[in-house]
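Undergrad: Shown below is the structure under consideration.
The values are calculated or read from the model by the stated rules, or taken from the named source; none is laboratory data. Values in this document were obtained by computation on a predicted structure and should not be read as measured data. Glycine also receives a Cβ, built like all others from the backbone with ideal geometry; neighbour counts cover every protein chain displayed. These area figures cover heavy atoms from the full protein model, side chains too; ligands, DNA and RNA do not enter into them. Shrake-Rupley method; radii C 1.70, N 1.55, O 1.52, S 1.80 Å.
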Amino acid sequence: MINGKDRLIVAIDTDDFDKAKELIDQLEDSVDIFKVGLEQYVATKGKTVDYLKEKGKKIFLDLKFHDIPNTMKSAVRAAVRDNVWLMTIHVSDLEGMRQCALVAKEEAEKLNIEKPIIVGVTVLTSLSNEDLQDIGCNMTTEELVIKRAKLAKESGIDGIVCSAKEVDRIVEVCGEDFVTVCPGIRPASSSAGDQKRVVTPAEAIRNGAQYLVVGRPITQSENPKQSAIDIAKEIENA
């Protein structure tokens, strides 16, 4: 049986450290994995990461590193030293991603800690087919995701971030051991917000998603703890 807490990642998307702490405290018993994104990390100078470590929680550091290979390697090495559980980089050139995978393995072995999972960002869930055409890409979102997923697997990183709408195809072409992290998850009763390619938790799991990232349906709920429990149950009953 699937354990919903093992699959649920809650996004702490606020620029206020006190609000982040309050939310983490509210969810402490019902959530094991928290995502710290760019807004939160910059606004709090990384203090939320330290607070989550004090609480013994798994940290998804979602900074989406995207730069020249040498800079990417240094950023990945620093994240390994911070003992995060999972981190994101953008799917870019093959050699650059290979170097990130290698440096993560080497640094973790050097520190005698578990290597963080590295996943590549393929196509942001806020982008539609029309948005891709606007920037000169003549592929559909699904076509581009599949192309980048294959590149990520070849590079040796652990998996990708993708919409749960495409995850069944990712599993088909990259295998079940290829990690899939799916944002844009909304329970049926929630608003889609600014996400254009949304899926319910049960649908995402049935499609083959391994980890689900949920933000506002939990963090902006009148009862965040109960909302997290309900989503975990939906995952388990998928």
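Undergrad: Set the Förster radius R0 to 30 Å, insert the Cβ-Cβ distance between Glu154 and Gln226 as r into 1/(1 + (r/R0)^6), and round the FRET efficiency to 0.05. Let's see the in-between values first.
TA: Numbers: r = 43 Å, r/R0 = 1.42.
In this case the efficiency is close to 0.10.
Undergrad: Name the residue from Val171, Val181, Ile117 whose Cα lies farthest towards the positive end of the charge dipole of the range 65-201, charges +1 on Cβ of Lys and Arg and -1 on Cβ of Asp and Glu.
TA: Comparing the listed Cα positions along the dipole, Ile117 ranks first.
Undergrad: At a Förster distance of 45 Å, what's the computed FRET efficiency of Leu111 paired with Ile2, Cβ-Cβ distance as r, to 0.05? Walk me through the numbers on the way to the answer.
TA: Working: r = 31 Å, r/R0 = 0.69.
My answer for the efficiency is 0.90.
Undergrad: Please report, as a whole percent, how much of the solvent-accessible surface of the range 4-237 comes from carbon and sulfur atoms (probe radius 1.4 Å). Can you show the working numbers first?
TA: Values: 4830 of 11020 Å².
Reported share for carbon and sulfur atoms: 44 percent.
Undergrad: Let me ask you something else. When the solvent-accessible surface of protein heavy atoms is calculated with a 1.4 angstrom probe, in what order do Lys53, Lys165 fall, highest first? List each step's numbers first, then the result.
TA: Details: Lys53 80, Lys165 110 Å².
If we order Lys53, Lys165 from most to least accessible, we get Lys165, Lys53.
Undergrad: If you place +1 on the Cβ of every Lys and Arg and -1 on the Cβ of every Asp and Glu, how big does the dipole about the Cα centre of the chain come out, in debye to the nearest 20?
TA: Working: 32 positive and 40 negative charges, 72 e Å.
It works out to roughly 340 debye.
Undergrad: Moving on to the next point. For the pair Leu94 and Thr140, what calculated FRET efficiency results from E = 1/(1 + (r/R0)^6), where r is the Cβ-Cβ distance and R0 = 22 Å, to the nearest 0.05? Intermediate results must be reported in sequence, preceding the final value.
TA: Details: r = 22 Å, r/R0 = 1.02.
That pair, Thr140 with Leu94, gives E of 0.45.
Undergrad: At a Cα cut-off below 18 Å, give the lysines reachable from Lys5, other chains included and same-chain residues fewer than 8 away excluded.
TA: Lys35, Lys53, Lys55, Lys57, Lys58, Lys225, Lys233
Undergrad: Right, another one. Between Arg81 and Val173, what is 0.36 nm times their sequence separation minus the Cα-Cα distance? Round to one decimal in nm. Mind dumping the intermediate values first?
TA: Numbers: separation 92, 0.36 × 92 = 33.12 nm, distance 3.25 nm.
Taking Arg81 through Val173 to full extension adds about 29.9 nm, to one decimal.
Undergrad: On to the next question. Between Lys45 and Leu102, what length in nm is gained on full extension when 0.36 nm per residue of separation is reduced by their alpha carbon distance? Please list the in-between numbers first.
TA: Values: separation 57, 0.36 × 57 = 20.52 nm, distance 2.72 nm.
Computed gain between Lys45 and Leu102 is 17.8 nm.
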